[in-house]
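See below for the structure under consideration.
The values are calculated or read from the model by the stated rules, or taken from the named source; none is laboratory data. From a predicted model like this one, the values you see are computed outputs, not experimental measurements. Here the Cβ positions follow ideal geometry from the backbone for every residue, glycine too, while neighbour counts run over all protein chains shown. What goes into the accessible areas is simple: the full protein's heavy atoms, side chains included, and nothing from ligands, DNA or RNA. Shrake-Rupley method; radii C 1.70, N 1.55, O 1.52, S 1.80 Å.
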Amino acid sequence: MTLHIVSKSPGYSNALMDCADSFVEGDILLLIEDGVYALSSLPENIPVQAVHYLKADVNARGIVVTMEYQGIDDTRWVELCCQQNPVVSWFK
């Protein structure tokens with residue numbers, strides 16, 4: 001299954017929508033950097049249990065996470081990269 005990494009804010013990039021167009025069951029979405037701003041407006045086809053975010057990036061931006069998304073650290077990020085194949089970065 002694919003690990004999709006989105007690093008850009010949905011207000012300034014189509015990365016999240018492009019990612020959502022190719023997202024299938026079993027995939028994982030990881031929001032990093034300004035991508036964590038998408039936590040308040042995720043596409044409906046991405047299930048809550050598939051969404052992960054870097055805790056450090058959320059904390060640095062003062063975002064309060066209200067859904068049951070999975071907050072992870074850098075170690076878990078590396079684990080996900082090793083477990084999932086392929087790993088796709090969305091940043092355009």
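Within region 27-41, is even one residue more than 16 Å from S7 (Cα to Cα) and not aliphatic (A, V, I, L, M)?
Within region 27-41, the subset more than 16 Å from S7 (Cα to Cα) is 27.
Imposing the further condition that a residue be not aliphatic (A, V, I, L, M) reduces the set to 27.
Looking for residues that are more than 16 Å from S7 (Cα to Cα) and not aliphatic (A, V, I, L, M), one finds at least one in region 27-41, hence yes.
Within region 15-38, identify whether any single residue is surrounded by 11 or more Cβ atoms within 10 Å (Cβ to Cβ) and modelled with pLDDT under 95, and answer yes or no. Give the steps one after another, and end with the answer.
Step one: of region 15-38, the residues surrounded by 11 or more Cβ atoms within 10 Å (Cβ to Cβ) are 15-20, 22-23, 27-38.
Subset that is modelled with pLDDT under 95: none.
No.
Is it the case that V78 is open to solvent by 80 Å² or more (accessible area, probe 1.4 Å) and assigned to a helix (DSSP H, G or I)? Spell out how you get there, then give the answer.
Details: open to solvent by 80 Å² or more (accessible area, probe 1.4 Å): yes; assigned to a helix (DSSP H, G or I): yes.
Taking the combined requirement at face value, the residue satisfies it.
Would you tally the residues in region 81-92 being in a loop (DSSP other than H, G, I, E, B) and out of contact with any helix residue (DSSP H, G or I) (no Cβ under 9 Å at 6 or more places or on another chain)?
Going through region 81-92 one residue at a time, the tally reaches 3.
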